[in-house]
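**Student:** Handing you a structure now.
The values are calculated or read from the model by the stated rules, or taken from the named source; none is laboratory data. Nothing here was measured: the structure is a model prediction, and the numbers come from that model. So basically every Cβ, Gly included, is an ideal-geometry build from the backbone, and we count neighbours across all protein chains shown.
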Amino acid sequence: MSDLAFALTPKATLARPVQVGPWTITEITSDGLWSVSASDPATVAWPAVGRTENGVHRIGADLAFVETDSAPPAPSDGLWTTDQTDGWTRIEVTGGDLRPALAYLISLDLGDPSFPNGACARTQAAHLSVILTRKAADHWTLWTPRSSAESFLHHLEEACRTAL
Amino acid sequence: MSGYRLATAGRIDRSKPISFRFDNTWMKGFEGDTLASALLANGVSLVGRSFKYHRPRGIFSDGSDEPNALVTIGEGAAATPNTRATMVPLTQGLVASSQNWRGSLKWDLMSVNDIAAPFLSAGFYYKTFMWPKAFWEKVYEPFIRSSAGLGVLSEKSDGAVHASGWKHCDVLVIGAGPSGLMAALTLGRTGARVIVADEADANGGRLARESLAVGDELGADWAVGVRAELDSLPNVEVLPRTTVWGVYDEGLYGALERTERNGTRGTHWRIRAKHSILAAGATERPIAFPGNDRPGVMLASAARGYANHEGVAVGRRVAVWGNNDNATRTAKDLKAAGVRVVAELDTRKGDEIVRTKGRHGLREIFLSDDRRIEADALAISGGWSPNVHLTCHHRGRPVWDEERAAFLPGPDLPPGMACAGAVTGAYALSDALRQGAEVGSDIAEALGKPAPRLNVPEAEDDPREVSAFWQVKAKGRAWVDMQNDVTSKDIVQAQAEGFVSVEHAKRYTTLGMATDQGKTGNVLGLALLAEATGRTIPETGTTIFRPPYTPIPMGAMAGTHRGQHFQPLRKTPSHAWAKEQGAVFTEAGLWLRAQYFPQPGETHWRQSVDREVIATRRGVGICDVSTLGKIDVQGRDAAAFLNFVYANGFAKLAVGKTRYGLMLREDGFAFDDGTCARLSENRYMVTTTTANAGSVLRHMEFVRQCLCPEMDVHLISVTDAWAQYAVAGPQSRALLQKVIDEDISNEGFPFMACKGLDVAGVPGRLFRISFSGELAYEVAVPTRYGDALIRRLMELGAPMGVVPYGTEALGVMRIEKGHAAGGELNGQTTAGDLGLGRMVSTKKDSIGTVSSKRPALEAGDRPALVGLVPVNKTAHLQAGAHILPPKVATKTANDQGWVSSACHSPTLGHDIALGFLKGGMARAGETLVAWDGIRGVQSDVTVVSPHFYDPEGERLRV
């Protein structure tokens, strides 16, 4: 009974990349995403809070989101893992400095000193949860809950248009 | 015609003419004009009517302090009323209209109010409309409302959207006058992150409108040069046409940028700044004298500014009058620009204007020494009031400075704020420049930046000796607050009637309560109140300044969050499929859920819902329940934690079992209910109601972090990660067995079992729980497979007559079964009220347990859950009806409860309801009345068990 052809749901919001001005907005569907919570964070080799390293996004003192295209993080005593792959939609934006557009969505200070390359945060955008990481000023990854991803994408596109 | 365009003066671009319309007349202006300057250039002196007396009014100022020239911009739905003509840049095709008249602007029928002025003084409304009492709602209020206000809203959506966003900086410089520019330049050169916000074009503030020199060049040119350097610095952002309107906690500033950008009408910014420099300048104030509101009377700085900046003469014969050196400079500038100045009057020389004349505009002025001067414009200066407003937004009080006859910023500034320039009383240009540089340097040092040595440019000093002179005491009305039509007599009258406190006098007279917030009139009004009460101005005090500094459109507050953008929309995994089936959707929280699935031939929603219920109870039905909140709970202390959060016991829940759980609030009332499944030794899946998903997780996080920090427990929402379907009905097992290999028989998978297993080859989960009262399961797969699963289940179930059912059928079946939901869990009911009192464990401590034992919550006469059926089985019951004994008056004293949920039961063939009744089930069998006053219906009902269907629960255990 494993021969069913399953489709992504909700129906892929981004059947193909969206272009707004210099920005290319693309949905990435391949990688897995796991949340990992630690009983004793001091014993875990995580990056500092608010930093991303090797696919580990440390968004809280005892919480990290781990991006993986292979095996999920191995559960162990004191490390509590949850598969979040289907809970979040991953959106990549490239092609231009996204910060003028993000200024319409996100209340955090995304200036170079406060949010350099490799920074990450879990915050709110247009009343929606979002995890954002900065790879470069013109390369950002945004995760947003899947059920409302269409709304988020709409707000992101509108913000980009306003920032043009 | 009272005004004209000067031949050469000004900084407008005469090569770029602009056409615009005012009322019904098309006129010409130039790029660089404001609507106000263009109107003056076209000889328009009458631009509106006053608020109360409908007096003719003209342009009074050249900035955001304008009290008179309020116009409507645009037409139809897009019309924006009460816009200050002084703040509107002239654009091609601009349409503006005058306001507040009946008939025409020139011949306003409502100007009869001016004749009746002796009866309309301060307190008129309070004294006059007291009797007869019945007249208030039917006569007085409608009449006053129809006459009130200035501009009129279109009451239609204009379709325009304001953007909103956030900015961050080290230093926010408020105002781009000489001190603001100097401070920004000082800081910008250190590399500090600077934002400069200016309500005009950020090219020098008042300096751009003056003839003063900085170094070897005109001050206005110096400002343009500084602006160019600021624009070139990557760490500096200049926001022209941006008003900082409020100061809030932690360095948060509200700012409205009026520049239209990519279809937005403007942007509302929330700016976080470590420091701010208030360089907001000062506002010139008038003198109160009889007839000082006539069109043509304006502030001296405005008359000077229009000549210097827009090349407009405000009249053909201009008189100048003041109590300070500013008036002298005005006459000098006007003459240099080619304006004819017919009189230079100075209160310090004893010149006092006692009367003016002119029907729709100034024609003559009369002096106390019997001189009569023909003039179509009068430029007046009563001194300057520093714009201290933002310094007061954290409740700081300004302090009176006798030398300058003005309020200056007090010692209690908002944290991080410093002041520079005219706002501190540093009126001289050289002082303003130096102070800007010094404040900028100080802040640079505080930020740890190397403070640069700046050469403060030499500047032409302009003496501003002020001799306090507030009013001319002569016969006739002298206006203090132009926009709210408050005269000096109103102030005196308020004092005479006992309103000696400045706050009371303000409210009694409405001084300073109009949209301009009394920028030109407040200090004058305070001075007159002080005179009337025999006190000094410091003794009189001032009213507190609150945000906003200037009017902010409600649309700017809303930003993009309007219409469909008011809130996000969440879609279920089966949304696309349900849409293909023609489902009717309803909003549940943020979710869009299928309400019912109409089939061909069904003409009423009840037909669809009845069919879905019956088909499910007889065969099998499927409902998308992915919207229920799902919280993954893990940790060594997960069991202890849940035992503390839930009112019923969870310590002994076995792995592979699910339990119904009830959460109480701290105050003992019921909070939420749901199920909790133990997936492994240290892992649970908590489900919540759809509506409470967020609040339950927040509550549990609070308990985890604040009440049980010693526990090792970890919470995370997985609501979006799982597609979950309720598969209900006698055939549900047979259907699921087609996609699940494992044994899910009653023996292999009994009621309340749970398990992780393969669902059509996909790792999923199965729960044997039932909300419908039938044999039922909830099957979950990762969300990406949700669409495929619903399609496959419907395909495989077709031979069994499977139906999808929506939230309506879900609701009907839960009422038939007597399950509590939103109507019952309304925050006012206890576990006892819900018939769940025995669930509250007495063997452990949990949140709300102690409070739930309070006597009032255990009182026997509390309304408790009952079932209700109509005596006449064709009668309809409605949620919200009150329950009354038969044959009593419908009043609160006789109220015995309410109907919380109601529906038509296709299973029973008549309406049924759940409700809360004093005495609860002890009154089973009684006949009462369900009285629905709002809908105007009532029905006799019989009290029955709330479990209408299968009360023994046999069907769900088969």
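**Student:** In the range A:113-164, how many residues are closer than 14 Å to A:Ala103 by Cβ, in contact (Cβ under 8 Å) with a residue 60 or more places away in the chain and within 11 Å of another protein chain (Cβ to nearest Cβ)?
**Tutor:** Here the count works out to 5.
**Student:** Let me ask something else about it. Checking the conditions here, which among B:Val139, B:Val71, B:Val95, B:Val88 is at pLDDT below 90 and more than 30 Å from B:Gln495 (Cα to Cα)?
**Tutor:** So the residue among B:Val139, B:Val71, B:Val95, B:Val88 that is at pLDDT below 90 and more than 30 Å from B:Gln495 (Cα to Cα) is B:Val139.
**Student:** Give B:Gly191, B:Gly165, B:Gly151, B:Gly159 a once-over and let me know the one that is surrounded by fewer than 24 Cβ atoms within 10 Å (Cβ to Cβ), touching a residue at least 24 places away in the same chain (Cβ under 8 Å), within 23 Å of the chain's Cα centre (by Cα) and within 14 Å of chain A (Cβ to nearest Cβ). Outline the logic, then answer.
**Tutor:** Working: B:Gly191 fails: within 23 Å of the chain's Cα centre (by Cα); B:Gly151 fails: within 14 Å of chain A (Cβ to nearest Cβ); B:Gly159 fails: within 14 Å of chain A (Cβ to nearest Cβ).
The match here is B:Gly165.
**Student:** When you look at B:Ile631, is it in contact with a Phe, Trp or Tyr (Cβ under 9 Å, 6 or more places away or on another chain), in a strand (DSSP E or B) and within 14 Å of chain A (Cβ to nearest Cβ), yes or no?
**Tutor:** Details: in contact with a Phe, Trp or Tyr (Cβ under 9 Å, 6 or more places away or on another chain): yes; in a strand (DSSP E or B): yes; within 14 Å of chain A (Cβ to nearest Cβ): yes.
So B:Ile631 passes the test.
**Student:** From B:Leu877, B:Leu917, B:Leu956, B:Leu857, which residue is of a type in the set (A, V, I, L, M, F, W, C) and assigned to a loop (DSSP other than H, G, I, E, B)?
**Tutor:** None of the others qualify; the one that does is B:Leu877.
**Student:** Check B:Gln705, B:Gln731, B:Gln737 and return the single one that is more than 11 Å from every other protein chain (Cβ to nearest Cβ) and modelled with pLDDT of 95 or more. Outline the logic, then answer.
**Tutor:** Details: B:Gln705 fails: more than 11 Å from every other protein chain (Cβ to nearest Cβ); B:Gln737 fails: more than 11 Å from every other protein chain (Cβ to nearest Cβ).
Just a single option satisfies the conditions, and that option is B:Gln731.
**Student:** If the Cβ limit is 7 Å and pairs must be 6+ apart or interchain, which residue in the range B:550-568 that is without any contact (Cβ under 8 Å) to a residue 40 or more places away in the chain pairs with which residue that is crowded, with 16+ Cβ neighbours inside 10 Å and of a type in the set (Ser, Thr, Tyr)?
**Tutor:** B:Pro568/A:Ser148; B:Pro568/A:Ser151
**Student:** Something else now. State which residue is farthest from B:Val620 (Cα to Cα) when the search covers only the range B:789-805 and only residues that are of a type in the set (A, V, I, L, M, F, W, C) and touching a helix residue (DSSP H, G or I) at 6+ places or on another chain (Cβ under 9 Å).
**Tutor:** Of all residues in the range B:789-805, those of a type in the set (A, V, I, L, M, F, W, C) come to B:789-790, B:793-794, B:796, B:798, B:800, B:802-803.
Those left that are additionally touching a helix residue (DSSP H, G or I) at 6+ places or on another chain (Cβ under 9 Å): B:790, B:793-794, B:796, B:800, B:802-803.
Details: B:Ile790: 13, B:Leu793: 11, B:Met794: 10, B:Leu796: 12, B:Met800: 7, B:Val802: 5, B:Val803: 7 Å.
Here the answer is B:Ile790.
**Student:** Shifting gears a bit: Identify the residue in the range B:542-575 that is among the aromatic types (Phe, Trp, Tyr) and away from chain A (no Cβ under 14 Å) and, among all such residues, is surrounded by the most Cβ atoms within 10 Å (Cβ to Cβ).
**Tutor:** B:Tyr549
**Student:** Here's a follow-up. State yes or no: is B:Gly827 assigned to a loop (DSSP other than H, G, I, E, B), more than 14 Å from chain A (Cβ to nearest Cβ) and either touching a residue at least 40 places away in the same chain (Cβ under 8 Å) or within 39 Å of the chain's Cα centre (by Cα) (or both)?
**Tutor:** When the stated conditions are applied, B:Gly827 passes them.
**Student:** Mind checking which residues of the range B:790-812 are within 14 Å of another protein chain (Cβ to nearest Cβ) and either in a loop (DSSP other than H, G, I, E, B) or farther than 15 Å from B:Ala594 by Cβ (or both)?
**Tutor:** Hits for the range B:790-812 are B:Arg792, B:Glu795, B:Leu796.
**Student:** Would you check which residues across the range B:634-643 are surrounded by fewer than 22 Cβ atoms within 10 Å (Cβ to Cβ) and either in a strand (DSSP E or B) or more than 10 Å from every other protein chain (Cβ to nearest Cβ) (or both) and list them?
**Tutor:** Correct list: B:Ala639, B:Ala640, B:Asn643.
**Student:** Hey, can you tell me all the residues within the range B:226-285 that are more than 11 Å from every other protein chain (Cβ to nearest Cβ), buried (at least 17 other Cβ atoms within 10 Å of the Cβ) and polar (S, T, N, Q)?
**Tutor:** B:Thr242, B:Thr243, B:Ser276, B:Thr283
**Student:** Here is a further query. Name the residues in the range B:720-756 that are in contact with a Pro (Cβ under 8 Å, 6 or more places away or on another chain) and either closer than 12 Å to B:Gly797 by Cα or aromatic (Phe, Trp, Tyr) (or both), would you?
**Tutor:** B:Trp722
**Student:** If B:Lys652 satisfies every condition in (1) surrounded by fewer than 17 Cβ atoms within 10 Å (Cβ to Cβ); (2) within 18 Å of B:Thr829 (Cα to Cα); (3) at pLDDT below 95 but one, which is the exception?
**Tutor:** For B:Lys652, the failing item is (2).
Residue-by-condition table, conditions (1) under 30 Å from B:Val247 (Cα atoms); (2) assigned to a loop (DSSP other than H, G, I, E, B); (3) of a type in the set (Ser, Thr, Tyr):
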| site | (1), (2), (3) |
| --- | --- |
| B:Trp321 | no, no, no |
| B:Asn326 | no, no, no |
| B:Ala336 | no, no, no |
| B:Val342 | no, no, no |
| B:Leu362 | no, yes, no |
| B:Trp400 | yes, no, no |
| B:Gly410 | yes, yes, no |
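**Student:** At pLDDT below 80 and not aromatic (Phe, Trp, Tyr): does that describe B:Ser146?
**Tutor:** It is true that B:Ser146 is at pLDDT below 80 and not aromatic (Phe, Trp, Tyr).
**Student:** Here's a follow-up. Only one of (1) of a type in the set (A, V, I, L, M, F, W, C); (2) closer than 15 Å to B:Phe22 by Cα; (3) within 14 Å of another protein chain (Cβ to nearest Cβ) is not met by B:Val95, so which one is it?
**Tutor:** (3)
**Student:** Then there is this: With the condition kept exactly as written, say whether any residue in the range B:889-902 is assigned to a helix (DSSP H, G or I), crowded, with 16+ Cβ neighbours inside 10 Å and in contact with a strand residue (DSSP E or B) (Cβ under 9 Å, 6 or more places away or on another chain).
**Tutor:** Looking through the range B:889-902, none of the residues is assigned to a helix (DSSP H, G or I), crowded, with 16+ Cβ neighbours inside 10 Å and in contact with a strand residue (DSSP E or B) (Cβ under 9 Å, 6 or more places away or on another chain).
**Student:** Within 10 Å of chain B (Cβ to nearest Cβ), at pLDDT 95 or above, surrounded by fewer than 22 Cβ atoms within 10 Å (Cβ to Cβ) and in contact with a strand residue (DSSP E or B) (Cβ under 8 Å, 6 or more places away or on another chain): is that true of A:Leu108 in this structure?
**Tutor:** Answer is yes for this residue.
**Student:** Test B:Ser64 against the criterion of being part of a helix (DSSP H, G or I), in contact with a Lys or Arg (Cβ under 9 Å, 6 or more places away or on another chain) and of a type in the set (S, T, N, Q), and give yes or no.
**Tutor:** In short, no.
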